[in-house]
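Okay, so here's the structure we're looking at.
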Amino acid sequence: MREYTTQMDAARKGIITKEMEAAAKTEQMAPEELRALIAEGKAIIPCNKLHTSIVPNAIGSMLKTKINVNLGTSRDWKDIDMELEKVRDAVNMGAESIMDLSSFGDTQKFRRKLTAECPAMIGTVPIYDAVVYYHKPLKEITSEEWIKIVEMDGNDGRGESFLRALLENSRYLQRV
């Protein structure tokens, strides 16, 4: 049985995970060095255990810049197969991160296919999901509904969400 719940938890316990080893190799650094950055909160490995096709990558201070591609379905573009083709092309060209900005149609179906097939880190904007999933204006979505959307994101295997950026930004603003 694992002795940790997250990469940060493992790092703070002094455990080097297989994800840390893989990401450290990509970064051309010692796994212990990456573990220390994660333990200090200076780096993360957004690697949800339910995203079974992922290749672990680290993001943060003193690490290589990652290539991110934004895509997704909308009212004007509903072709899920075409979006998946774009994902494959982006990864083949070196993208390490896909930010799915889908705001129309069956976003859950698309994202489940994404986490089953895409080796890149996958991020989402849960607020888009909330509006699509509940079919109502943003101002009418309750806090309980919002939490359910974030849980669905995690349960579907996504390791990044726009929430991370909001949390980081709020911590930064508190320091300024």
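Observations on the structure shown:
- A count restricted to segment 52-69 and to residues that are under 13 Å from the mean Cα position of the chain (by Cα) and under 17 Å from A30 (Cβ atoms) stands at 3.
- Among all positions in segment 1-9, there is no residue which is among the polar types (S, T, N, Q), under 24 Å from D129 (Cα atoms), under 19 Å from the mean Cα position of the chain (by Cα) and not in a loop (DSSP other than H, G, I, E, B).
A quick yes/no check of all residues on (1) buried (at least 16 other Cβ atoms within 10 Å of the Cβ); (2) in contact with a Lys or Arg (Cβ under 8 Å, 6 or more places away or on another chain); (3) in a helix (DSSP H, G or I):
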{"position": "S74", "(1), (2), (3)": "no, no, no"}
{"position": "D81", "(1), (2), (3)": "no, no, yes"}
{"position": "A90", "(1), (2), (3)": "yes, no, yes"}
{"position": "F104", "(1), (2), (3)": "no, yes, no"}
{"position": "K109", "(1), (2), (3)": "no, no, yes"}
{"position": "T115", "(1), (2), (3)": "yes, yes, yes"}
{"position": "Y133", "(1), (2), (3)": "yes, no, yes"}
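- Test for C47: is it closer than 16 Å to G154 by Cβ and among the hydrophobic types (A, V, I, L, M, F, W, C): yes
- Selection count, segment 92-121, where residues are touching an Asp or Glu at 6+ places or on another chain (Cβ under 7 Å) and at positive phi: 0
- Candidates S61, S53 - the one that is surrounded by fewer than 16 Cβ atoms within 10 Å (Cβ to Cβ), of a type in the set (G, A, S), touching a helix residue (DSSP H, G or I) at 6+ places or on another chain (Cβ under 8 Å) and under 23 Å from C118 (Cβ atoms): S53
Each value in this text was obtained by applying a stated rule to the coordinates, not by laboratory testing. Just so we're clear, the structure is a prediction, and the values are computed from it rather than from any experiment. Note: ideal-geometry Cβ built from the backbone for every residue, glycine included; neighbour counts use all protein chains shown.
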